[in-house]
Amino acid sequence: MTSLPSPLVVDDLSFRYRDRQGAAIDNISFEVKPGEILLIAGASGCGKTTLVRCINGLIPRSYKGDVSGKILVFGEEVKDWKLSQISQKIGTVLQDPERQILGTKVVNEVAFGLENLGMPREEIYQRVDEALNFLKITHLRNRETFNLSGGEKQKVALAGVLAMRPSILLLDEPLASLDPASAQDTLDAVRTLADQGLSVLMVEHRVEDVLRIHPERVMFMSEGQVRYLGDVAGLSKVVNYREVKLPAQDIIDRAKHDPAPLVLSPLPGAGKGPDGEALVKFKDVAFGYEAEREVLHGINLEINRGDVIAVLGPNGAGKTTFVKHAIGLLKPKSGSVLVNGRDTREASVAEIASMLGYVFQSPSHMLFAPTVREELAFGPTNMKHPKDQIEQEVKEALKIVNLSEKENDPPLALSFGQQKRVSIAAILAMQSKILVMDEPTAGQDYQNYMNFMDSILKMPVFEAIIFITHDVDLAVIYANRVLMVNDGQLVADGKPQDVLRDFDRLRANRLIPTSLLDLNLKRFSTTGRFMRAEALAHI
């Protein structure tokens, strides 16, 4: 009896983008079996997304350059296949769901691929409902896609791919925008699909989360090459624990042999302001995008000098809507928001920008300039900073986000993780007093996000920092105050050690306790503060 060919074989694959020096991926070979989950890990910009683009046919059709080697799908070479042919066998969920969603309503978006195949209407609706049910998002069926949160968009993009019933599933950072409980649901769904015979390649920085569903193998990439391909047990021995975020105990075991990291002190800007006035004040704020649907209900809080605030909560809870009120992008339907004592209804967005700088969740909402350097110079130029000061601000911001060598590259030609860092650098260059970041670590490897968060906390210009995150560990390491938002209400506000020790409340707000949080709570009586795993290794 002859055995069936493997769903996917990649043979000696190399690719160099037309407008860049050096190969993005180099001599990559591997095979994926039916029902296997292959986790692909590595630093931001190491070639993971390029590999995905080669497999799903976007290279060389949409991204031009020099390609060599072979890709076989069920024994057939795919280089002459049409994209429509490839998409029936290989489903892809992109890193940035904004780039994938075309339909105005969720039901139309999920049906889009099936309609293009000319399927009967009845079968389309059956498959759409099946995909929505499977991902537990039936309640989103008739919602406008524009008004969905980033995490909800991520799930809708996945539903559209699953409705096509591919044999191979490529997931490029599928957890980046998801709250921890949704990430767990998505991973459980992926495990179920693999157990039913689907082959899954998952590019992901949230390695600890993926290990919970026992991927059959792990591939570790660095500088466009495969450095490790094998079982999970061997991963922590070969990877750089600073690049790939391993479970906290694994980091502690490795880090105890290295020098202890510096302990960060609070913001240099803390304690400024003799007037005692809050930087930002919310008074009974209520808001809704649609007349009949209120998103925020009666929010009251103050943001003060020295606050490093993590905003946690489920997808669709109103976190981004809340933060957009602080920066004047949205105005309350009732109540008021005061920035430096001034009502945001009376101030223009440009006026508020000198006080608050905002990094959007999706970099594609921010980036437009032909080069990274021009992108970073745009804000300071508009704010009429002196020319020589702008040069200095741009250089410093590029250094902080580790992109100095990319200053002449087009921002939209960079990887998603690099684009995200450009969008952060663009706001850093403006030197606003309050830095507001929506999902700053999406698409970032561990080393990059630790480096730029460390650098930001040392910058004397910032009087307060606010970041929305689904990464509980980011709140553990950096925040001195945690806000928990759910269903448009503030359900908790306090020190991380007070808010995060209540595991029942965490789970009720779709947050999952992590190995780092657990270790910090156990050692809190000794340390008196929350710390990163590398620092705990030396206690």
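Can you name the residue in the range 206-237 that is touching a Lys or Arg at 6+ places or on another chain (Cβ under 7 Å) and not charged (D, E, K, R) and is also surrounded by the most Cβ atoms within 10 Å (Cβ to Cβ) among such residues? First the steps, then the outcome.
Start the filter on the range 206-237 by keeping residues that are touching a Lys or Arg at 6+ places or on another chain (Cβ under 7 Å), which leaves 207-208, 213, 220-221, 229-231.
Filter once more, so that each one left must be not charged (D, E, K, R): 207, 213, 220-221, 229-230.
Working: V207: 22, I213: 19, F220: 24, M221: 22, L229: 16, G230: 12.
So the residue we want is F220.
Restricting the search to the range 390-432, which residues are crowded, with 18+ Cβ neighbours inside 10 Å and of a type in the set (K, R)?
Within the range 390-432, K406, K420, R421 qualify.
Which residues, counting only those in the range 509-539, are touching a residue at least 12 places away in the same chain (Cβ under 8 Å), part of a helix (DSSP H, G or I) and of a type outside the set (S, T, Y)?
Result: L516, L517, D518, L519, N520, L521, R523, F524, A533, E534, A535, L536.
Which one of F503, F524 is farther than 23 Å from A176 by Cβ, surrounded by fewer than 23 Cβ atoms within 10 Å (Cβ to Cβ), touching a Phe, Trp or Tyr at 6+ places or on another chain (Cβ under 9 Å) and not β-branched (V, I, T)? First the steps, then the outcome.
Values: F503 fails: touching a Phe, Trp or Tyr at 6+ places or on another chain (Cβ under 9 Å).
Going through F503, F524 in turn, just one is farther than 23 Å from A176 by Cβ, surrounded by fewer than 23 Cβ atoms within 10 Å (Cβ to Cβ), touching a Phe, Trp or Tyr at 6+ places or on another chain (Cβ under 9 Å) and not β-branched (V, I, T): F524.
Taking L474 and the conditions (1) in contact with a Phe, Trp or Tyr (Cβ under 8 Å, 6 or more places away or on another chain); (2) on the phi > 0 side of the Ramachandran plot, which numbered condition does it fall short on, given that it satisfies the others?
Result: L474 fails condition (2) only.
If L102 meets every condition in (1) under 27 Å from the mean Cα position of the chain (by Cα); (2) farther than 25 Å from G417 by Cβ; (3) without any contact (Cβ under 8 Å) to a residue 24 or more places away in the chain apart from one, which number is that one?
Going through the list (1) under 27 Å from the mean Cα position of the chain (by Cα); (2) farther than 25 Å from G417 by Cβ; (3) without any contact (Cβ under 8 Å) to a residue 24 or more places away in the chain, L102 breaks only (2).
Take M453 and tell me if it is part of a strand (DSSP E or B) and crowded, with 18+ Cβ neighbours inside 10 Å.
The answer is no for M453.
Give the range 15-26 a look and list any residue that's among the small types (G, A, S) and surrounded by 19 or more Cβ atoms within 10 Å (Cβ to Cβ), or say none.
Start the filter on the range 15-26 by keeping residues that are among the small types (G, A, S), which leaves 22-24.
Passing the criteria: A23, A24.
Given the criterion out of contact with any His (no Cβ under 6 Å at 6 or more places or on another chain) and in contact (Cβ under 8 Å) with a residue 60 or more places away in the chain, identify the matching residue among G118, G57, G75.
Testing whether each residue is out of contact with any His (no Cβ under 6 Å at 6 or more places or on another chain) and in contact (Cβ under 8 Å) with a residue 60 or more places away in the chain leaves just G75.
Quick one: how many residues across the range 406-418 are free of Cβ contacts under 8 Å to residues at least 60 places away in the same chain and of a type in the set (S, T, N, Q)?
Here the count works out to 1.
Could you look through the range 331-388, keep only residues that are under 22 Å from the mean Cα position of the chain (by Cα) and either not hydrophobic (A, V, I, L, M, F, W, C) or not assigned by TED's automatic domain parsing to the domain that holds V311 (or both), and pick out the one that is surrounded by the fewest Cβ atoms within 10 Å (Cβ to Cβ)?
The qualifying residue surrounded by the fewest Cβ atoms within 10 Å (Cβ to Cβ) is H365.
Condition check ((1) in a loop (DSSP other than H, G, I, E, B); (2) charged (D, E, K, R); (3) under 23 Å from the mean Cα position of the chain (by Cα)) across all residues:
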{"site": "Y241", "(1), (2), (3)": "yes, no, yes"}
{"site": "K245", "(1), (2), (3)": "yes, yes, yes"}
{"site": "I252", "(1), (2), (3)": "no, no, no"}
{"site": "D284", "(1), (2), (3)": "no, yes, no"}
{"site": "H297", "(1), (2), (3)": "no, no, no"}
{"site": "T321", "(1), (2), (3)": "no, no, yes"}
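For L132, work out the one condition from (1) in a helix (DSSP H, G or I); (2) of a type outside the set (K, R); (3) surrounded by fewer than 22 Cβ atoms within 10 Å (Cβ to Cβ) it doesn't fulfil.
Tallying (1) in a helix (DSSP H, G or I); (2) of a type outside the set (K, R); (3) surrounded by fewer than 22 Cβ atoms within 10 Å (Cβ to Cβ), L132 fails exactly one: (3).
The values are calculated or read from the model by the stated rules, or taken from the named source; none is laboratory data. Small disclaimer: the values here were computed from a predicted structure and weren't measured. Heads up, the Cβs are rebuilt from the backbone with ideal geometry, glycines too, and the neighbour counts pull from every protein chain shown.
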